[in-house]
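First up is the structure itself, then whatever we jot down about it.
The values are calculated or read from the model by the stated rules, or taken from the named source; none is laboratory data. It should be emphasised that the depicted structure is a prediction, and the values quoted were computed from it without experimental measurement. Cβ sites come from the backbone with ideal geometry, for glycine too, and all protein chains shown count toward neighbours. The accessibility values were calculated without ligands, DNA or RNA, using every heavy atom of the protein model including side chains. Shrake-Rupley method; radii C 1.70, N 1.55, O 1.52, S 1.80 Å.
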Amino acid sequence: MGKELNMNQFGGSWTEEKMDIVIKYASAYLTIMNKQGWVKTIYFDGFAGSGFIESAGEPINIKGTALRILELSEPRPFDIYHFVELVEEHVEDLETNLKKHPFRENIFIVRRDCNEKMVDLAKYLKNNPNFRALVYIDPYGMSVNWSSVASLKNLGIDLWILVPTGIGVNRMLTRDGIIFEPWMQKLENFLGYTREEIMEHFYKFSTQQTLFGEDTIIQKEKNAVLLASELYTRKLNEVFSHVSKSFVLRNIQNAIMYHFIMASNNRNAVKIANDVIDSKYKL
Ligand SMILES: C[S@@+](CC[C@H](N)C(=O)[O-])C[C@H]1O[C@@H](n2cnc3c(N)ncnc32)[C@H](O)[C@@H]1O
C-alpha cells in the first residue's frame, strides 16, 4: 500500500492526466466491445508498475493505472488482464495488491521485458482472431524498441504509447551532432530509422570555406522535440492505419517531456482517442 504524499511532492499532474486519458478511453472501449458479443478483450499493460504511483523510488498512495483499469466493470470488464513488469519488487507488490481482486482468475502478472511480451501478444492475437487488445505502454524512458511496435501490425490492437520525445530523444541529440555511439544505437532502435535518416531529420548541414578547404557545419534543428513526435507519428502510421493527435505532457517548468499517442486500425477508435485528448486540453 502506498504511503501519504501530496501531488506536488511527486510533481505529478501529468501522471494523473495520462492515467485519466487511458481510463476514459478504456471505459469507452468496453462500452463498444460490449455490443460485439463475439469479441474477447485483453488489457495489456507493458509497464505495469506496482499498483501505486512511485515518487523517488517509493510507492505513494495514488493508485496506478493497473488498479484503476480493474475498477472498470460496467458494462463489462476485460476478459483478460496481462500485466508486464520487469522489476521483481514491483511484481511482488502488484501480486499483493491484486491478490484478493474479484477478477484474479483473469489476471496474469509476468516478470519480463515488455519488448518480449509485445511480440508474444502479437503471436497470440494472430492465433486467436476473436481477441482484441487495448495496449498501454508507459515507460519512463526509451525502453521500447521500434521492432516491438512493428510486430503489432495488422492486428486488432488499440495502442496508447508514451513517447519520451523531450526526456529521451531530444537529450540524446547533442547540439553539435556528435552523438555518443551507444546513444546513436539507442536512437536507431527506438525510432526505427537509420543514423543517416536520424541525422537528416534533426540536423541542418551547411558548408563553410576555410583556409584548409570546405568544412561541414552541423546544426541541431530548434524544434527537435516536436520533430521527434512527428517522426514517431509517421512511423506509427506505417504499422497502424490511423494515429491520433498527441497529448503533450510537460514538467513543472513547462518543458515537454513526453508525447502521448494512440494508434489503431479502426478509424472510429482514433476519433474517440482524439475526443478524449481534446477534452483534457479543454480542462
Ligand atoms: C512509469 S512506470 C509505470 C507506471 C504504471 N503504468 C502506472 O500507471 O502505475 C514504469 C514501470 O516499468 C517498469 N519497467 C522498466 N523497464 C521495463 C521493461 N523493459 N519491461 C517491463 N517493465 C519495465 C519499471 O520498473 C516501472 O515499474
Review point. Which FRET efficiency value, to the nearest 0.05, is calculated for Ser147 and Ser241 with the Förster distance at 22 angstrom and r the Cβ-Cβ distance?
Key: 0.65
Review point. Can you tell which of Ile217, Ala228, Phe202 lies farthest toward the positive end of the dipole of the stretch 202-243, using +1 and -1 charges on the Cβ of basic and acidic side chains (Lys, Arg; Asp, Glu)?
Key: Ala228
Check your understanding: Using unit Cβ charges (K, R positive; D, E negative) and no other charged atoms, how large, in debye to the nearest 20, is the dipole of the stretch 17-99 about its Cα centre?
Key -> 640
Revision key, fill the gap. For the stretch 159-272 the mean separation of alpha carbon contacts under 8 Å (6+ apart) over residue count, i.e. relative contact order in percent, is 33
**Study point:** Karplus (6.51, -1.76, 1.60) ³J(HN,Hα), θ = phi - 60°, over the stretch 243-259, in Hz, Gly and Pro reported as x
**Key:** 10, 6, 5, 10, 9, 8, 9, 10, 8, 5, 8, 6, 7, 6, 9, 9, 10
Study note, to complete from the structure: In whole angstrom, the spacing between the Cα centers of the stretch 7-80 and the stretch 185-208 equals 35
Point to revise | Amide H partners (placed H, <5 Å) of Glu54, local residues excluded | key: Ile60
Check your understanding: Label-point separation (nm) for Glu58 and Lys99, each offset 7 Å from Cα along Cα-to-Cβ?
Key -> 2.3
Revision key, fill the gap. Under a 1.4 Å probe, counting only protein heavy atoms, Glu230 has an accessible area in Å², nearest 10, of 100
Practice item. Any chance you could give the angle, 0 to 90 degrees and rounded to 10, that helix 267-282 forms with the longest Cα principal axis of the chain? Key: 80
Exercise for review: Sort the stretch 42-158 into rounded, prolate or oblate with this rule: let a ≥ b ≥ c be the square roots of the eigenvalues of the Cα gyration tensor; rounded if a/c is under 1.5, and if a/c is not under 1.5, prolate when a/b is larger than b/c, oblate otherwise.
Suggested key: oblate
Practice item. Could you work out the relative contact order of the chain, using alpha carbon pairs under 8 angstrom and six or more residues apart, expressed as a whole percent? Key: 17
**Study point:** Accessible-area order (highest first, 1.4 angstrom probe) of the listed residues Thr65, Thr96
**Key:** Thr96, Thr65
Review point. Does the stretch 93-132 come out rounded, prolate or oblate by the C-alpha gyration tensor, with a ≥ b ≥ c the root eigenvalues, rounded set by a/c under 1.5 and, if not, prolate when a/b is larger than b/c and oblate if not?
Key: oblate
Check your understanding: Roughly what % antiparallel, to the nearest 5, for the DSSP beta bridges in the stretch 32-156?
Key -> 15
Check your understanding: What's the center-to-center distance, using Cα atoms, between the stretch 113-159 and the stretch 210-229 in Å?
Key -> 35
Exercise for review: Could you work out which residue, out of Gly166, Gly156, Gly213, moves most in a Gaussian network model of the chain, that is, has the largest mean-square fluctuation with Cα springs under 10 Å?
Suggested key: Gly213
Practice item. Treating the angle as unsigned and between 0 and 90°, give the value, to the nearest 10°, between the Cα long axis of helix 88-98 and the longest Cα principal axis of the chain. Key: 30
Exercise for review: Pick out which of Val39, Val149, Val91 has the largest mean-square fluctuation in a Gaussian network model of the chain, springs linking Cα atoms closer than 10 Å.
Suggested key: Val39
Exercise for review: Whenever you get a sec, compute what percent of the accessible area on the stretch 137-283 sits on carbon and sulfur atoms (1.4 Å probe).
Suggested key: 51
Check your understanding: Largest first, how would Tyr124, Tyr140 line up by accessible area (1.4 Å probe)?
Key -> Tyr140, Tyr124
Review point. In debye to the nearest 20, how big a dipole does the chain give about its Cα centre with +1 on each Lys and Arg Cβ and -1 on each Asp and Glu Cβ?
Key: 920
Exercise for review: Over the chain, give the accessible area per residue in Å² for a 1.4 Å probe, as an integer.
Suggested key: 51
Point to revise | Residues with amide H under 5 Å from that of Thr41, placed H, sequence gap 5 or more | key: Asp79, Ile80, Arg132
Study note, to complete from the structure: When every protein chain stays in place and a 1.4 Å probe is rolled, Arg175, Arg132 sorted by accessible area with the largest first are Arg175, Arg132
Exercise for review: Once you have the Cα-Cα distance between Glu88 and Asp20, take 0.36 nm times their residue separation minus that, and quote the gain in nm to one decimal.
Suggested key: 21.8 nm
Check your understanding: Which whole-number percent gives the relative contact order of the stretch 46-148, counting Cα pairs below 8 Å spaced six or more residues apart?
Key -> 31
Revision key, fill the gap. Between the residues Leu70, Pro139, Asn97, the Cα farthest towards the positive end of the dipole of the chain, that dipole coming from +1 and -1 charges on the beta-carbon of Lys, Arg, Asp and Glu, is from Leu70
Point to revise | From phi via Karplus (6.51, -1.76, 1.60), per-residue ³J(HN,Hα) for the stretch 59-65 in Hz, x at Gly/Pro | key: x, 10, 8, 10, 4, x, 4
Exercise for review: Have a look at Phe108, Phe260, Phe52 and tell me which one the Gaussian network model of the chain (Cα, springs below 10 Å) gives the largest fluctuation.
Suggested key: Phe108
